[in-house]
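Working notes, beginning with the structure itself.
FYI, it's all coordinate maths here, none of it is from the lab. All figures in this text were calculated on a predicted structure; none of them were measured in a lab. As a convention, Cβ positions derive from the backbone with ideal geometry for all residues, glycine included, and neighbour counts pool all protein chains shown.
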Amino acid sequence: MIKRDFLALEDWSRDEVDELLSLAARVKRGEIGGGLEKKVLAMIFMDPSLRTRTSFETAMFLHGGHAIVLEPGKGSWALETEPGAVMDGDTVEHIVDAARVLGRYADALGVRSFPRAADWAVAREDPVLRSFAKYCEKPVINFESARRHPCQALADAMTLREKLGQTEGKRFVLTWAWHPKALPTAVPASAALAAAGLGMEIVIARPPGYELDPEDTALIRRLAQQSGGEFVHIIDDPDEATVGADAVYVKSWGSVKLYGKPGEEAALRAGFRDWRLTPARLRSTRGGKAIVMHCLPVRRNVEIDDAVLDGPNSVVVDQAENRLHTERALLLKVIGRES
Ligand code: CP
């Protein structure tokens, strides 16, 4: 049987994503139990997590399966990620071997690996995730890589549908926020791709120098057009960004252009501390009623003000809850009764 990886939302057709979302809604309504009995999910976290780890462990438990967590270098061997490495340093086991072995024990493998390469040209290819997918004989699920966070995107799509009803033609604003660190672009690119797939009007707001990877921007535009939506424009003013929005997705990300140049990137970012979702900016959305989204964890009063996060527009906890429902659906499709 050919294995089915879940590395990026756009790797699955629109019908397949719709099917996953319908299944997730049934799971959420309590209509489906079991389906993962005797199944094992191995989860490799090269980087920390609260939601991804907990929601996948819970999902496996709720359907009768089992989840194993490995944190390389902390209780399991430090993994070498470089192809062809002469392993005479600190790393003990190569991901080629780890992927092959875990594929013999588990029914699926989840991998979280943020960008590690020195150059964006390398990091953007998601080499660690792709190596696991290449060498593991079982399906690999992307738990967030340099380029994509499809599990978050699936939960975001479910939340947009639940909160907005018909999403077609509604305005989705992805807005950059200041953050003390340069974060990956996986979440913002994936969220915009998810909204584009729902036929929404996409607006991206970011300060100059914080453009997403050009291929991602082109893909967002193409998907929006294919889904009957639109890529409206790119805005570089945080006050203008939110005007008329139905959904505001707040997220910080690092400058792709200055990837690998942390000093220059930090200097550029320092000038944009004002990029924060405030109550005043929220009032400029359509009727002041836009839903406010964030993947979490969020830096309170840095990315989004307390008054907004704790107010009636915020759906950030619903997004986090929907991680569980969509991942239950995904596991049932990839290795369970629905496969
Ligand atoms: N949103 C998300 O992936 O959360 P964690 O980093 O806590 O898994």
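Quick one: check the C-alpha center-to-center distance for the stretch 297-315 versus the stretch 123-159, whole angstrom.
27 Å
Sorting check: for 245-258, 17-30, which peptide has the highest mean count of neighbouring beta carbons within 10 Å, and how do the rest follow? Please report the intermediate quantities before stating the final value.
On the way: 245-258: 22.6, 17-30: 17.1.
Peptide ranking by packing, descending: 245-258, 17-30.
So how do 115-124, 273-282, 154-163 stack up, highest first, on mean other-Cβ count within 10 Å? Could you put the intermediate results ahead of the total?
Values: 115-124: 16.2, 273-282: 18.2, 154-163: 23.5.
Ranking, from highest mean packing down: 154-163, 273-282, 115-124.
For Ala85 and Asp47, FRET efficiency with R0 = 25 Å and r from the beta-carbon atoms, rounded to 0.05? Present the calculation step by step, with values, prior to reporting the outcome.
Working: r = 20 Å, r/R0 = 0.80.
Rounded to the nearest 0.05, the efficiency is 0.80.
Need one word for the stretch 183-339: rounded, prolate or oblate. Basis is the Cα gyration tensor (sqrt eigenvalues a ≥ b ≥ c); a/c below 1.5 gives rounded, then a/b vs b/c decides. Kindly include the intermediate steps, with their values, before the conclusion.
Working: a/c = 1.44, a/b = 1.25, b/c = 1.15.
Note, shape of the stretch 183-339 comes out rounded.
Could you tell me the relative contact order of the chain? Use alpha-carbon pairs under 8 Å, at least six residues apart, and round to a whole percent.
Values: 684 pairs, mean separation 67.2, N = 339.
Reported relative contact order: 20 percent.
Which FRET efficiency, nearest 0.05, do Arg300 and Ile2 yield, Cβ-Cβ r, R0 56 Å?
Values: r = 45 Å, r/R0 = 0.80.
The value I calculate is 0.80.
Within the stretch 134-154, list the residues whose amide N lies under 19 Å from a label point set 7 Å along Cα→Cβ of Val69.
141-145, 151-152
When you count, for each residue, the other Cβ atoms within 10 Å and take the mean per peptide, how do 81-90, 168-177 rank with the highest first?
Numbers: 81-90: 10.2, 168-177: 22.1.
Highest to lowest by the protection proxy: 168-177, 81-90.
As I understand it, the dipole of the chain uses +1 on the Cβ of Lys and Arg and -1 on the Cβ of Asp and Glu, about the Cα centre. Which of Trp77, Pro279, Gly229 lies farthest toward its positive end?
Of the options given, the answer is Pro279.
Quick one: work out Rg over Rh on the C-alpha atoms of the chain, Rh as Kirkwood radius. Mind showing how you got there, number by number?
Working: Rg = 19.6 Å, Rh = 20.4 Å.
Rg divided by Rh gives 0.96.
Report the FRET efficiency, 1/(1 + (r/R0)^6), for Ser13 and Ala78, where r is their Cβ-Cβ distance and R0 is 35 Å, rounded to 0.05. The partial results should precede the final answer.
Details: r = 38 Å, r/R0 = 1.09.
Between Ser13 and Ala78 the formula returns 0.35.
For the residues His179, His66, His294, what sequence is obtained by ranking on other C-beta atoms within 10 Å, fewest first? Before the final figure, lay out each step's value.
On the way: His179 20, His66 16, His294 25.
In order of increasing Cβ crowding within 10 Å: His66, His179, His294.
Tell me, what is the percent relative contact order of the stretch 223-339, built from C-alpha pairs under 8 Å that lie six or more residues apart? Can you show the working numbers first?
Working: 107 pairs, mean separation 28.6, N = 117.
That works out to 24 percent.
Quick check: the distance between the Cα centres of the stretch 175-252 and the stretch 15-64, to the nearest angstrom?
A separation of 27 Å, based on Cα centres.
Rounded, prolate or oblate: which fits the stretch 133-228, taking a ≥ b ≥ c as square roots of the Cα gyration tensor eigenvalues, rounded meaning a/c under 1.5, else prolate when a/b beats b/c?
On the way: a/c = 1.67, a/b = 1.15, b/c = 1.46.
Judged from the Cα gyration tensor, the stretch 133-228 comes out oblate (a/c at least 1.5, b/c at or above a/b).
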